[in-house]
Structure formats: C-alpha cells, structure tokens
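Structure record follows, encoded as structure tokens.
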Amino acid sequence: MILFPAIDLDGGRVVRLEGGDFDRPTDYGGDPLETARRFRDCGATHLHVVDLQGAREGAPRHLKVLERLGGLGFFLQFGGGLRTPEAIRAALDAGADRVLVGSLLFRDPDQPARLRETFGEALVPAVDVKGGRVAVSGWRETTDRTPEETLVDLALEGYGRFFVTAVDRDGLLGGPDLDLYRTLAKRHRIVAAGGVSGLGDLLALRDLGAEAAVAGRALYEGRLDLPRALEALEGSDVW
C-alpha cells in the first residue's frame, strides 16, 4: 500500500484542521518545502498536497508552492479549490501528477463524463464523507448522497480510483473509519484519508484492501514513524 504524507496549506503555511473545521487549525510551520524535504529524506516518494485556502475560497491559491514542490521528485497528488476545468489544468501544469476533484463533479450531471474524457487517469474523484453523506464546497455543504451510491455512479462514468476522506475523523487521531473503507474497497480502488493515528491504522487499511492512505497529523506529532511505516507497507512504487 502506498503512503502519502500530507501537506495542507493555508496562507502559505503548513496546517492541519480538526474534523474538517476551518475554525480549528493547528499550525505546523511556514515552510512547506522544508517539510517535504524531511518526508523525502525519510524515504517518501509520494506527497499529498491540499490547498485549504483554495478549498475555502473556491480556487487554488498555492500553485506557486506546488511548482516548487514539483522540483523535489515526488509523485504529487493535489486537491483544493479545483472547481473549473481551467483550475484543474493549471494544477497539472504547475506540477501535479494527479488532481483530486470533488465539488465540480457533483454540480452538473454531464460533468463527470466530460472531465474523464479531458483529464483521464490524472483526475481522481474526491469523495468527502461527513455524517454518512457526501460533502462538497470545502466540506461545508452536505448532499443527500451516500458514498456507496456516489462511487457506483462515478464508476459507470469510467472512474476506477477514488479518494475518500472521512471528514469527521480527519485530524483527530481517532482512527480511520474502517467500516466505510471496508465496504467501499470491496468494489473499488480506494485511497483512504482521515483519522490515521499510527502504523496499526495503516496496516488495517492495507489489510481491508485500500490501495493507498494519507497520514498527516500523526506524522507531525510523532505518533507515526515514517521510515518504519514505509518499510512496513512496502510503498515505494509509483502507481
């Protein structure tokens, strides 16, 4: 299973939110490149970058940072504020290998097919789950759709991999929603995010079938040893 260390950006600084709440940030420093280099020195080859400011404001705000991160040799996964095809293209041009798109996919029933045709495997649907329903607009709006039916519908449009965040658990170190991921991973390829508190959580996600997982606060607060985790997961291959 691939492990993506996370760098969440707001105002140029590395932060983490608790439960997806923009009013509960924790600041972990002002140099995302230094943070990324530390991850790289530990052996990480993949990096998950979230533009929190972009998610809040509706357009990416950290593409210059993304460009600089692109020079470090990571496979870069980027999301946050990608609500137009032009914003998606700009993120890819700035160095993202893969973009995560949520709200744009759910606003127009014709959009999933169009985006799939335009961006192919470089675009992965971001399905944010809050209170058992799919959330959009930076997690501030909740739809009436379940994650299960959402993934089935998107799979019919040709999508084969999904980035699923358990928003209620994100940044809380309380463990991932294993029941959610176990259900989804039976039929789909899943990248799991939200709640990872240590190596045991990552191994549990691997064992239930997740293809990749994201870790953030557990790394920043020393609860997850990155070199040990990478070795345990054997997650150095780009996919």
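The values are calculated or read from the model by the stated rules, or taken from the named source; none is laboratory data. Nothing here was measured: the structure is a model prediction, and the numbers come from that model. We place every Cβ from the backbone using ideal geometry, glycine too, and count neighbours over all the protein chains shown. In case anyone asks, the SASA skips ligands and DNA or RNA and just uses the protein heavy atoms, side chains included. Shrake-Rupley method; radii C 1.70, N 1.55, O 1.52, S 1.80 Å.
What to note about this one:
- Odd one out for A155 among (1) open to solvent by 10 Å² or more (accessible area, probe 1.4 Å); (2) out of contact with any Lys or Arg (no Cβ under 9 Å at 6 or more places or on another chain); (3) of a type in the set (A, V, I, L, M, F, W, C); (4) closer than 30 Å to D110 by Cα: (2)
- Cβ pairs under 8 Å, 6+ apart, first in the range 144-159 and of a type in the set (F, W, Y), second in a helix (DSSP H, G or I): Y159/P112; Y159/R116
- When restricted to residues that are crowded, with 18+ Cβ neighbours inside 10 Å, at pLDDT 95 or above and part of a loop (DSSP other than H, G, I, E, B), the range 217-239 contains 1.
- Which listed residue is over 14 Å from A192 (Cβ atoms), crowded, with 17+ Cβ neighbours inside 10 Å and at pLDDT 90 or above, from T142, T150: T150
- Scan of the range 186-203 for residues that are outside any loop (DSSP other than H, G, I, E, B), touching a helix residue (DSSP H, G or I) at 6+ places or on another chain (Cβ under 6 Å) and open to solvent by 20 Å² or more (accessible area, probe 1.4 Å), ordered by number: L199
- Of all residues in the range 204-216 being within 18 Å of the chain's Cα centre (by Cα) and surrounded by fewer than 20 Cβ atoms within 10 Å (Cβ to Cβ), the one that is nearest to Y159 (Cα to Cα): E211
- Here L104 meets each of (1) open to solvent by 10 Å² or more (accessible area, probe 1.4 Å); (2) farther than 20 Å from V167 by Cβ; (3) among the aliphatic types (A, V, I, L, M) with one exception, condition (2).
- Within the range 27-61, tally of residues that are assigned to a strand (DSSP E or B), open to solvent by less than 40 Å² (accessible area, probe 1.4 Å) and within 15 Å of A215 (Cβ to Cβ): 5
- Residues (over 14 Å from the mean Cα position of the chain (by Cα), among the small types (G, A, S) and not in a helix (DSSP H, G or I)) located in the range 169-185: G174, G175
- Checking L202, L226, L184 one by one, the residue that is without any contact (Cβ under 8 Å) to a residue 60 or more places away in the chain and not hydroxyl-bearing (S, T, Y) is L184 and no other.
- Subset of the range 153-168 [assigned to a helix (DSSP H, G or I) and under 15 Å from R133 (Cβ atoms)]: D153, V167, D168
- Out of F39, F75, sole residue that is of a type outside the set (D, E, K, R), in contact with a His (Cβ under 8 Å, 6 or more places away or on another chain) and under 26 Å from R169 (Cβ atoms): F75
- Residues (within 15 Å of the chain's Cα centre (by Cα), at pLDDT 95 or above and part of a loop (DSSP other than H, G, I, E, B)) located in the range 75-90: L82
- Taking the criterion of being surrounded by 16 or more Cβ atoms within 10 Å (Cβ to Cβ) and part of a helix (DSSP H, G or I), the residues of the range 91-101 that qualify are A91, L92.
- If you go through the range 127-149 and keep only what is charged (D, E, K, R) and assigned to a loop (DSSP other than H, G, I, E, B), you end up with R140, D144, R145.
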